[in-house]
Structure formats: structure tokens, C-alpha cells
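Novice: What follows is a structure written as C-alpha cells; I'll ask about it next.
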Amino acid sequence: MKYHRLVVCIVLGIVTFPQHGDTSPKPDFAVPARMTGVASGSLDSTGNVVQNTNRILNLLDQFQSITETLYRLQTPDLYQLATSFRLVLDSLVESGSPIFQALSNAARLSSGNITTVFDGIRRSINATIALNELHQSAINGTGLLLGTAGVQNISTVLDQLVRNVANLSIALDEIEPSLVELQQLYRPSQSLVDSRYPRNGVRKLNGILLDYVNIGQSTVPQINAVVNRIRMMDGFIARLASVTSGLQNYLNSSLIAVNGSVYSGVQQRLQTAIRTIRTNFNTTVTATTRKLKQFFLDDLDTVRLVARNASGLLVQRLTNVTQSLDELVNRTTVRMERRETEWVMNRTIAAVTGLAWRMALAVTSSVPRADTCFARYNYEFDKLPRLIYGTLSSCGQQEVRTLQSVAGALAAYLGVVQAQLDAETNQYTQCLNGVVPSSSDELRLQRAVCLQGAERISDIWGGAVVDNQLNAFEGLMHDEVNYSAARHHQCVRTSDQLMIAEVKNLWSTVVNCLN
């Protein structure tokens, strides 16, 4: 029976206990009693301070998360261009977070000096207000990236937020005296707190916080859209940079391959042909002088003298011809000029990159139809440098084939020089055919006369004719090298003109799309 009466009393006590939200209410704003609209409950539709400050802190977290993506931009120039925008957003978060975090903490306080707490919040508010001029100046410097309308939109948001924060300070001033008065009461009852509670001030405070929430919620999609456009253009510029860098590397490899083909298929071929003449002449002269040495001790003075003279003359001829051929080998250089080709490729990349930046800034600054035009034409920016790379590479490869054909003709011309030298040495060879030191005096004397004739031929036209032929070959070679350079220059120039026309056509297409 006693147990039954105890349970009834407990239940009755619970039913008759005054209800103020929680069964065990916690004090807030450093007042030892719960105030509706501060840490719990809601005044009309304004919610409470803790709820609203948490919403704002969540918004600031979203700002921060969006902003952090700007630190991962791949394009250095775009990263630099977005710096002011990024710093303003960072500063907005860093200056706002202490205000609303401190206000949220204050709304949960059960002790402490509320004036000290509010003064700390006011200092943070004043610091934020003081930053607005710097924020506006920084945003005004982002016109190239955001466009006039974009700068104006962000500037308007900054002004709205700073006015909101300034109003927050006014609201704190309004409710502080009542809170101080409540703090000074000795163990005030909940009813006493409710009677002196600055309801209108707290309602105004919550309204200001909700206003910040509304501004922030409408701003998040706007900032997100701006950042997404910047990131999209960062990917575009980075992709184009990768393409053009690859093309430059491919072109360098192509030019190296072209000059390698010119070296092996033209220069080395001609040098080898010249060295072959040298080797052949050396072999023939060596064989002929070896035969002449058989008569160096001949018992007939005439034969002995003629043999020595002929051998000396041939050795001298070998020295002269070898020197001329060696010098010609050193002067036989054929190389494809690459500087002009690289210049045109660099011009192409610069022109296309310039257009790409104009396209990118049109997108980031929300020029009408820019997004649509970018989606339609952005890969055309990649195609243009590929086209010019192809034409420049073709210029080199085509000229290699032409030079290789020319090298064949020039090598054939060297056959004339070989024939001349062969004819000269054949004169001596024929004189020595069938004669030995043991041959009859008449035959040896006859061949001595023949050798004297061969010497006169060498003296009269041997050196002069060969020198003229070598000079003629060198002249032809130089002419062909110059013709090659002119052909290659014209081909590269045509590629440059094609690039200029294609660049104008691409931008004209983009402009027509934008309009």
C-alpha cells in the first residue's frame, strides 16, 4: 500500500512540474535559467541562437570546402588569377567563424560575465567590418576572371554580410542590459526570468542570424558555380598545355629524326662517295708505284730516270688529290634548319593558348552562351596545333626524300671524277702492262717513252681537270643545299600562313557562337 502511494506521488509530481522544453533545463547566456529562443525552443519561426549559429557555421564550412578546390588548380596562371577571389573567401570564413562560434558558445553559458563575452564577440565583429574594404578591393581586382557582373554579385554579397554582422552587434547591445540585470538577480525563478527576458531583442538577434543563413544559402550555389567554371577552365588549359607540350616534344623528335636521315642518307652518303674515290685512287696509285719501283735500279739510265719521275709524280698527285678530297669531305655538310620550324610551332602554341585563355575567361566571367560555345568548340583548340605540327613534320620529311634523291644524283656525278682519275692512272698501268726488268731493252725504252707521255698528261690536265670537277661538284652541292633550304622555308612559311588563317577562323567561329 505504501509502495502504491509512493508511485502515485511521483507521477503526480511529474505531471505538475512546470514544463520549459527539457525536463532538466540548462541555463543559457550566463543566466541561471533557460530562455526560449537562445539554446532551445523557438520564438515564432526564428528558431534559436544555437540552431541558427550552427547553420551559419555549416554554411561557412561549405564556403571553405568550395574554396579549398581552388588550391588544387593545375594551371599556374589561373591559380594566380584566382588568388584574390580565394583569399577573400578564406578571409570571410576565418573572420566569420569566431563570431558565430563564440555566439553559439555564449548561448550555452551558465556562468561568467556576459559583458566580457559579448565584448569579445563585438571585437570579432569590428575586425570583420574593418576587413570589408580590403575584401571589396581584392574582389574588384578579379574582373578579368569573374567579369563585371560576377564582381558586382560577389561585392553585393560581401556588403550584405558585413551589414548583417554590423546589425548583429546592434542586437547584442540591445539584449545585453537585460541579461546583465538577470545575472545580478539571486537565484531568479523561471517565471522571473521569463518576465524580464529580452524577448524582442533575442527575436531580432535570431532574425539577423536567419538573414545571414538566407544570404549564405543563396550565395553557396553562386560561389560553387564560379568555382566550378574556374576548375573546368583549369582542366581545359591544363589539357591544352599537355597536348601542346607533347606536340613540341614530338616535333623535336621529328626534327632530330629528319636531321638524322639527312646526315645518314645525304651527308654521309656523299662523304662516303668522296672517300671511296680517295680509297680507289690510293689503291691504284699504290699498285702502279709498286710496279714502277721494279725499274728504280734499271741498268738503262733512261728507264731508271723515267720510272723514278713517274713514281714521284704519282705520289705527288696522290697527295694533292687526297688533300683535295679530304677538304671536300670536311666541307660536305648538309643539315635541315630547325629554328624556323620551332618558331612557327611556338607561334602556333602561343596563338592557340591566347585564344584558349580568352575562351576560358569568357566562361569564368559568365559571358552569355560561353558555356555552350565552350562545350561545342573546346576540342577545336587541340586540333589546330596538331594540324600545324603535322604540316611542319611533313615539310621536314618531304625535304628529306628530296635531298636523298639529290644525293643520288650528286653521288653519280662523283663517278665522273672517279672516271677521270681512273683514266689518268690507266695511262701508267697500260705503259707497265707486260713489261718487267728482264724485258728487252727495246721494250723497256718503248715503255719509258709511254710513261713520259703519261707524265705529260698528268702535268697538263690531270690536276686541273680533277680540281675543276671537284669544284663543280661542290658548287652543285651548295646549290642543292640552298634550293633545299628555300623549299623547306617555303613549306614552313605556308604552314605559318595556314596557322594564321586557322586561328582567325577558330576565333571567328567562337565569336559568332557567342553572338
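The values are calculated or read from the model by the stated rules, or taken from the named source; none is laboratory data. Worth saying up front: this structure is predicted, and the values here are computed from it rather than measured. When we count neighbours, we look across all protein chains shown, and the Cβ atoms used for this are built from the backbone with ideal geometry, even at glycine. Ligands, DNA and RNA are excluded from the accessible area calculation, which covers all protein heavy atoms including side chains. Shrake-Rupley method; radii C 1.70, N 1.55, O 1.52, S 1.80 Å.
Novice: Of all residues in segment 75-108 being out of contact with any helix residue (DSSP H, G or I) (no Cβ under 7 Å at 6 or more places or on another chain) and open to solvent by 50 Å² or more (accessible area, probe 1.4 Å), which is nearest to V220 (Cα to Cα)? Give the steps one after another, and end with the answer.
Specialist: Taking segment 75-108 as the starting set, the residues that turn out to be out of contact with any helix residue (DSSP H, G or I) (no Cβ under 7 Å at 6 or more places or on another chain) are 76-77, 79-80, 83, 94, 105.
Those left that are additionally open to solvent by 50 Å² or more (accessible area, probe 1.4 Å): 76-77, 79-80, 94, 105.
Working: P76: 25, D77: 25, Y79: 21, Q80: 23, E94: 16, N105: 25 Å.
Within segment 75-108, the match that is nearest to V220 (Cα to Cα) is E94.
Novice: Give me the pairs, please: first residue somewhere in segment 488-515 and over 26 Å from M336 (Cα atoms), second residue anywhere and not in a helix (DSSP H, G or I), beta-carbon distance under 7 Å, and either six or more positions apart or on two chains.
Specialist: Between residues of segment 488-515 that are over 26 Å from M336 (Cα atoms) and residues that are not in a helix (DSSP H, G or I), the close pairs are C513/R369; L514/V367; L514/R369.
Residues checked against (1) among the small types (G, A, S); (2) touching a Phe, Trp or Tyr at 6+ places or on another chain (Cβ under 6 Å); (3) touching a residue at least 24 places away in the same chain (Cβ under 8 Å):
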residue: L59; (1), (2), (3): no, no, yes
residue: T67; (1), (2), (3): no, no, yes
residue: L70; (1), (2), (3): no, no, yes
residue: L73; (1), (2), (3): no, yes, yes
residue: P76; (1), (2), (3): no, no, no
residue: Q80; (1), (2), (3): no, no, no
residue: S84; (1), (2), (3): yes, no, yes
residue: V88; (1), (2), (3): no, no, yes
residue: S97; (1), (2), (3): yes, no, yes
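Novice: Working carefully through the options N330, N346, find the one that is polar (S, T, N, Q), open to solvent by 30 Å² or more (accessible area, probe 1.4 Å) and under 30 Å from Y428 (Cβ atoms).
Specialist: One residue alone meets the criteria, N330.
Novice: Does at least one position in segment 392-404 carry a residue that is surrounded by 20 or more Cβ atoms within 10 Å (Cβ to Cβ), outside any helix (DSSP H, G or I) and in contact (Cβ under 8 Å) with a residue 40 or more places away in the chain?
Specialist: No, segment 392-404 contains no residue that is surrounded by 20 or more Cβ atoms within 10 Å (Cβ to Cβ), outside any helix (DSSP H, G or I) and in contact (Cβ under 8 Å) with a residue 40 or more places away in the chain.
Novice: Could you tell me whether K383 is free of Cβ contacts under 8 Å to residues at least 40 places away in the same chain and closer than 21 Å to S253 by Cβ?
Specialist: Judged against the criteria, K383 is a match.
Novice: How about segment 453-471: which of its residues are surrounded by 16 or more Cβ atoms within 10 Å (Cβ to Cβ) and of a type in the set (S, T, N, Q)?
Specialist: Passing the criteria: S458, Q469.
Novice: Kindly check whether there is at least one residue in segment 134-146 that is at positive phi and open to solvent by less than 20 Å² (accessible area, probe 1.4 Å). Explain how you work it out, then say what you get.
Specialist: Kept after step one, since they are at positive phi, are these residues of segment 134-146: none.
Scanning segment 134-146, I find no residue that is at positive phi and open to solvent by less than 20 Å² (accessible area, probe 1.4 Å), so the answer is no.
Novice: Still on this structure, I have one more. Can you confirm whether V165 is closer than 30 Å to D90 by Cβ and assigned by the TED database to the domain that holds T69?
Specialist: In short, yes.
Novice: I would also like to ask the following. For segment 43-57, enumerate the residues that are touching a residue at least 60 places away in the same chain (Cβ under 8 Å) and under 56 Å from the mean Cα position of the chain (by Cα).
Specialist: Listed by number, the residues that qualify are T46, G47, N48, V49, N52, T53, R55, I56.
Novice: Take T53 and decide whether it is modelled with pLDDT under 95, surrounded by 16 or more Cβ atoms within 10 Å (Cβ to Cβ) and among the hydroxyl-bearing types (S, T, Y).
Specialist: On the way: modelled with pLDDT under 95: no; surrounded by 16 or more Cβ atoms within 10 Å (Cβ to Cβ): yes; among the hydroxyl-bearing types (S, T, Y): yes.
No.
Novice: A further question on this structure: Can E424 be described as surrounded by 15 or more Cβ atoms within 10 Å (Cβ to Cβ), among the charged types (D, E, K, R), within 30 Å of T288 (Cα to Cα) and assigned by the TED database to the domain that holds W343?
Specialist: In short, yes.
Novice: Among (1) buried (at least 20 other Cβ atoms within 10 Å of the Cβ); (2) in a helix (DSSP H, G or I); (3) modelled with pLDDT under 95, where does F295 come up short?
Specialist: (2)
Novice: Confirm whether G120 is more than 42 Å from the chain's Cα centre (by Cα) and at pLDDT below 95.
Specialist: No.
Novice: Looking only at segment 298-339, which residues are over 58 Å from the mean Cα position of the chain (by Cα), part of a helix (DSSP H, G or I) and in contact (Cβ under 8 Å) with a residue 60 or more places away in the chain?
Specialist: Of everything in segment 298-339, those that are over 58 Å from the mean Cα position of the chain (by Cα), part of a helix (DSSP H, G or I) and in contact (Cβ under 8 Å) with a residue 60 or more places away in the chain turn out to be T302, V303, V306, A307, N309, A310, L313, L314, R317.
Novice: If we scan segment 472-481, do we find a residue that is open to solvent by 70 Å² or more (accessible area, probe 1.4 Å), assigned to a helix (DSSP H, G or I) and touching a residue at least 60 places away in the same chain (Cβ under 8 Å)?
Specialist: So far as segment 472-481 goes, yes, one or more of its residues are open to solvent by 70 Å² or more (accessible area, probe 1.4 Å), assigned to a helix (DSSP H, G or I) and touching a residue at least 60 places away in the same chain (Cβ under 8 Å).
Novice: Answer yes or no as to whether R275 is at pLDDT 95 or above and either closer than 30 Å to V465 by Cβ or among the aliphatic types (A, V, I, L, M) (or both). Full working, then the answer.
Specialist: Working: at pLDDT 95 or above: yes; either closer than 30 Å to V465 by Cβ or among the aliphatic types (A, V, I, L, M) (or both): yes.
Criteria met by R275.
Novice: Only one of S253, S245 is farther than 30 Å from T402 by Cβ, assigned to a helix (DSSP H, G or I), assigned by the TED database to the domain that holds A370 and open to solvent by 20 Å² or more (accessible area, probe 1.4 Å); which?
Specialist: S245
Novice: Which of the following residues is at pLDDT 85 or above and more than 22 Å from L168 (Cβ to Cβ): S24, S65, S45, S40?
Specialist: Going through S24, S65, S45, S40 in turn, just one is at pLDDT 85 or above and more than 22 Å from L168 (Cβ to Cβ): S65.
Novice: Let me ask something additional. Taking V220, is it farther than 19 Å from P177 by Cβ, surrounded by fewer than 20 Cβ atoms within 10 Å (Cβ to Cβ) and of a type outside the set (F, W, Y)? Working first, answer last.
Specialist: On the way: farther than 19 Å from P177 by Cβ: yes; surrounded by fewer than 20 Cβ atoms within 10 Å (Cβ to Cβ): yes; of a type outside the set (F, W, Y): yes.
Spelling it out, V220 is indeed farther than 19 Å from P177 by Cβ, surrounded by fewer than 20 Cβ atoms within 10 Å (Cβ to Cβ) and of a type outside the set (F, W, Y).
Novice: Regarding T322, is this residue hydroxyl-bearing (S, T, Y), open to solvent by less than 70 Å² (accessible area, probe 1.4 Å) and in the same structural domain as E474 (by the TED database)?
Specialist: yes
Novice: I've got another one for you. Pull up segment 450-471, narrow it to residues that are touching a residue at least 60 places away in the same chain (Cβ under 8 Å) and aliphatic (A, V, I, L, M), then point me to the one that is farthest from S394 (Cα to Cα). Break it down into steps so the answer makes sense when it comes.
Specialist: Let us first name the residues in segment 450-471 that are touching a residue at least 60 places away in the same chain (Cβ under 8 Å), namely 451-452, 454-455, 458-459, 462-463, 466-467, 470.
Then keep just the ones that are aliphatic (A, V, I, L, M); that gives 451, 454, 466, 470.
Numbers: L451: 57, A454: 53, V466: 39, L470: 33 Å.
Per the criteria, the residue is L451.
Novice: Please count how many residues of segment 495-515 are open to solvent by 70 Å² or more (accessible area, probe 1.4 Å) and assigned to a helix (DSSP H, G or I).
Specialist: 4
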